[in-house]
Amino acid sequence: MGPNLLKNYAEAISMIMFAIGFSNLLLQKNLIKKIIGFNIMDSSIYLFLALKGYIEGRIAPIAYDTAPKAEEFINPIPSGLVLTGIVVSVSVTALMLSLTMRLYRRYHTLDLDEISFRLKKEGR
Amino acid sequence: MAAVCNFPLFSIVLCLISGTGSAVLKKEAARIVNIVLITVCGLMSVAVMLYCAKYGSFTYMMGHFPAPWGNEVRGGVLEGFMGAFFCLIMLLSMLGGHKKLFDEVEISKHNLYYVLVNLLLSSLIALVYTNDLFTAYVFVEINTISACGLIMIRQTGRTLEAAVRYMIMSLLGSGLLLIGICILYDITGHLLMSNIRESVEALIATGEYREPLVVSVALMCVGLAIKSALFPFHAWLPDAYGYSTVSSAAILSSLVSKGYIFLLIKIFYRVIGFETVCGTKIMNVLFVFGLIAMVSGSVGAIRENDIRRMIAYSSIAQIGYIYMGFGMGTELGMVASIFHILSHAATKSLLFIAAIGLTDVSHGSRAFLDLTGSAHRNRIAGAGFLVGALSMVGIPLFSGFISKLQFMDAAGSLSYSKMLPSLVVLGISTILNAIYFMKTVLRIYTPAEKIPVNRAMADAPTVTAPSAFHVATGERKGINGLIVEKDRILFKEEAGYGIVILCFILLNMALGLMSTPILQAIRDGLSMFS
């Protein structure tokens, strides 16, 4: 386990980041901090994916003047997946932020528990 | 290749196009587009099902790129059946909640509502048909976003809070699903379900990467379980279903969570292989949580004093049934679970739509005391609720009986350690179901001399408009100034609503009375999966 962990230290870091983001999204009371946690979580997955597609000593699969061979490129599929994932997480973040704005305008707080408490007190 | 093979992709693209197009349409046009779209997609799914029953399953290559590189859509009997069934339930839910929409959503936002419904339909159909795990992830997210929109389109504090809570839990779930897919991609090198299956079999044979495989399966299971509100992750559900618009509640409870569960079934059968999944013991975890959910959801429903929240809590218990069926780890359990998906979808949307008819004749109040005698004031809604309740409890003639029978049957063939808890909990849960549903049915059929009006006014969930309450005439106006509530609703005044309830009742009885061909179709579909 030891030597493998050293060799794959970047993957280990991405998993630790995933855990940090996940627990922030789950446990923070503040809505903005929750959204930050979500972004950390998603970024860690993209880091993991990018690492999986990277091959030592090869170049990015984009257009060059002199067309290189396929063997000189890194694996392009994870890069494509990361791009798709970024699009998804941007739209989700925008949605979450707009929801947060609405709640803030209504209740003047970002604390989700406080909002729930007030809703219960209103009784509807 | 037959023209039918294009239908799955065609219906997804059609939904996406009309979804974005509805944003610029007038509300009535958007509604017609929505109804036509759901019907067309349903018919196409029926065509796919009939084609596959005759000629077997097919895969459709997008852009004609062959297997390891291109994206694929797959059609089979079960996919076609599920697609058609989802479209049918969605159509009935939209028709049943249509009038109520004027009360609940501002008129200027009506076309946006149809945008969200169309997008939701596209994602459901894509989840049913896709053969690619990453595409599935993307459509899971589209599903989440549009479901969140469906909750928050009714702008009250409660729905906003429910939407945020729903979103947070869903994001946790999709994060876990995504990392699971990434790990699986990492150890197999494929994203297409059939290719992953081959690689996984090779890995199992050599014994390599055993732990990462188990971890990735566990992550995907937990992710989808969170998204479909399995027991410990259900806190968002009662608010989200209880306060959103009636069509949204019906669609969310009967379709959105079922879309995720169907994806999970596909992952079990087409990606990992059912035997392998059962060998990882993850099924036992699902089994235990399913059992707890069955009891705790019912207990929550008994304690609830609000009819719509009660129905929402009952959903948690029903999701528990489905996961218990998975957890049995046998083909019989799986068939029972899939039948329960159908039966629950047909029943729960009926209950939500019938409940709204009952609250409409009780001054908009959802508290039990005010519902006294509402079934006499709105007969058709009362009948709908009665049928839904009987089906949920598991009375013969209705679909719930068949699914309970299937679960019992599946439990009988299990080993002792699983058979006993599942039978005992099934019994307890059925009794609890009967307690809260029969309590409600008795309440709505008890004749009321006079509704306590003052109480009704105090409890009524007021809409944003300043109190447009006309108790003297027995009418109440919604936020758009239309009369939405009366003391009494007769069938001929609300013919559309009545017909929808009748269709639901017939669908329920069809599932209950003609279960043999449906169960056979499910078995055929499952055998086509592998």
Quiz item: Hey, got the average number of other protein chain Cβ atoms within 10 angstrom for residues in B:131-139?
Solution: 2
Quiz item: If you look at just the Cα atoms of region B:274-428, how large are its Rg and its Dmax in Å?
Solution: 17.0, 55
Quiz item: How big is chain B on each of its three principal axes, counting only the C-alpha atoms and giving the largest first in Å?
Solution: 78, 55, 41
Exercise. Using only Cα atoms, tell me the angle between helix B:133-152 and the longest principal axis of chain B; keep it within 0 to 90° and round to the nearest 10.
Key: 10 degrees
Quiz prompt | Once exposed loop GluC sites (Glu not before Pro) are cut out (DSSP; at most 12 other Cβ, 10 Å), longest piece of chain B | solution = B:209-448
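Using a 1.4 Å probe on the protein chains only, how many percent of the accessible area of region B:239-308 belongs to carbon and sulfur?
Of all accessible area on region B:239-308, carbon and sulfur atoms account for 61 percent.
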Quiz item: In percent, how large is the relative contact order of chain B, given Cα pairs closer than 8 Å and 6 or more residues apart?
Solution: 15 percent
Quiz item: Spin-label point model (7 Å from Cα, Cβ direction): what's the B:L442 to A:L26 distance in nm?
Solution: 4.2 nm
Quiz prompt | Where the protein assembly as shown is the region considered: accessible area per residue in Å², 1.4 Å probe | solution = 38 Å²
Practice problem: Treating the angle as unsigned and between 0 and 90°, give the value, to the nearest 10°, between the Cα long axis of helix A:9-27 and the longest Cα principal axis of chain A. | Solution: 10 degrees
Quiz item: Percent of accessible area on chain A owned by carbon and sulfur, 1.4 Å probe?
Solution: 64 percent
Quiz item: Do any trypsin sites (Lys or Arg not before Pro) in region B:19-52 lie in a DSSP loop with no more than 11 other beta carbon atoms within 10 Å, and if so, which?
Solution: B:K26
Quiz prompt | Low-density loop positions, trypsin sites (Lys or Arg not before Pro), region A:16-79 - DSSP coil, at most 16 other Cβ in 10 Å | solution = A:K29, A:R58, A:K69
Quiz prompt | region B:304-363 versus region B:266-292: alpha-carbon centroid distance in Å | solution = 22 Å
Quiz prompt | Projected-area average for region B:167-284 over all orientations - Cα convex hull basis, square nanometres | solution = 7.4 nm²
Exercise. Could you go through region A:33-44 in sequence order and give the Karplus-derived ³J(HN,Hα) for each residue, using 6.51 cos²θ - 1.76 cosθ + 1.60 with θ = phi - 60°, rounded to whole Hz, and x for Gly and Pro?
Key: 5, 4, 5, 4, x, 4, 5, 4, 4, 5, 4, 5
Exercise. Assign one of three labels to region A:2-122, namely rounded, prolate or oblate, based on the Cα gyration tensor with a ≥ b ≥ c the square roots of its eigenvalues; rounded applies when a/c is under 1.5, prolate when it is not and a/b is larger than b/c, and oblate otherwise.
Key: oblate
Quiz prompt | Euclidean distance between Cα centres, region B:402-441 to region B:190-247, Å | solution = 25 Å
Self-check item: For the pair B and A, total buried accessible area rounded to nearest 100 Å², probe 1.4 Å
Solution: 3200 Å²
Exercise. Give me the distance in nm between label points sitting 7 Å out from Cα along the Cα-to-Cβ direction at A:A63 and A:E114, one decimal.
Key: 5.3 nm
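Can you check how the C-alpha radius of gyration of region B:3-62 compares to 2.2 N^0.38 Å, as a plain ratio? Each step should come with its number before you reach the end.
Working: Rg = 13.7 Å, N = 60, 2.2 N^0.38 = 10.4 Å.
In units of the globular-protein estimate, region B:3-62 measures up at 1.31.
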Quiz item: Restricting attention to the alpha-carbon atoms of region B:253-333, what are Rg (one decimal) and Dmax (integer), both in Å?
Solution: 14.1, 44
Quiz prompt | Share of Cα-Cα pairs in the protein assembly as shown lying beyond 47 Å, as whole percent | solution = 14 percent
Practice problem: With θ set to phi - 60°, apply the Karplus curve 6.51 cos²θ - 1.76 cosθ + 1.60 along region A:50-55 and write out the HN-Hα couplings as whole Hz, x wherever there is a Gly or Pro. | Solution: 4, 4, 5, x, 7, 10
Exercise. Go through A:M17, A:L97, A:F73 and say which Cα lies farthest out towards the positive end of the charge dipole of region A:2-122; charges sit on Cβ, +1 for Lys and Arg, -1 for Asp and Glu.
Key: A:L97
Quiz item: In region B:42-77, which residues have a backbone nitrogen under 14 Å from the label point lying 7 Å from A:A70's Cα in the Cα-to-Cβ direction?
Solution: B:65-70
Practice problem: Just need the relative contact order of chain A here, percent rounded to a whole number, with Cα pairs under 8 Å and 6+ apart. | Solution: 24 percent
Exercise. Report ³J(HN,Hα) in whole Hz for each residue of region B:326-340, in order, from the Karplus equation J = 6.51 cos²θ - 1.76 cosθ + 1.60 where θ = phi - 60°; Gly and Pro get x.
Key: 4, x, 4, x, 10, 4, 4, x, 5, 4, 4, 4, 5, 5, 5
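Within region A:28-97, list the GluC sites (Glu not before Pro) lying in a DSSP loop whose Cβ has at most 16 other Cβ atoms in a 10 Å radius.
Answer by residue number: A:E56.
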Quiz item: Can you pull the accessible area of A:L83 for me, 1.4 Å probe, Å² to the nearest 10?
Solution: 120 Å²
Exercise. Give me the angle, in degrees from 0 to 90, between the Cα long axis of helix B:77-104 and the longest principal axis of the Cα atoms of chain B, rounded to the nearest 10.
Key: 20 degrees
Quiz item: When the helices in chain B are scored as -39500 (n - 2.57) per DSSP H run of 4 or longer and the sum is shared across all residues, what 222 nm value do you end up with, to the nearest 500 deg cm²/dmol?
Solution: -24500 deg cm²/dmol
Exercise. Just report the Cα centroid separation between region B:124-185 and region B:18-97, whole Å.
Key: 19 Å
Quiz item: Around B:T280, which amide H atoms from residues at least 5 apart in sequence, or from another chain, sit under 5 Å from its own amide H, with H modelled in the peptide plane?
Solution: none
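The values are calculated or read from the model by the stated rules, or taken from the named source; none is laboratory data. Worth saying up front: this structure is predicted, and the values here are computed from it rather than measured. Ideal geometry is used to build each Cβ from the backbone, glycine not excepted, and the neighbour counts take in all protein chains shown. Just so you know, the surface numbers come from the protein's heavy atoms only, side chains and all, with ligands and any DNA or RNA stripped out. Shrake-Rupley method; radii C 1.70, N 1.55, O 1.52, S 1.80 Å.
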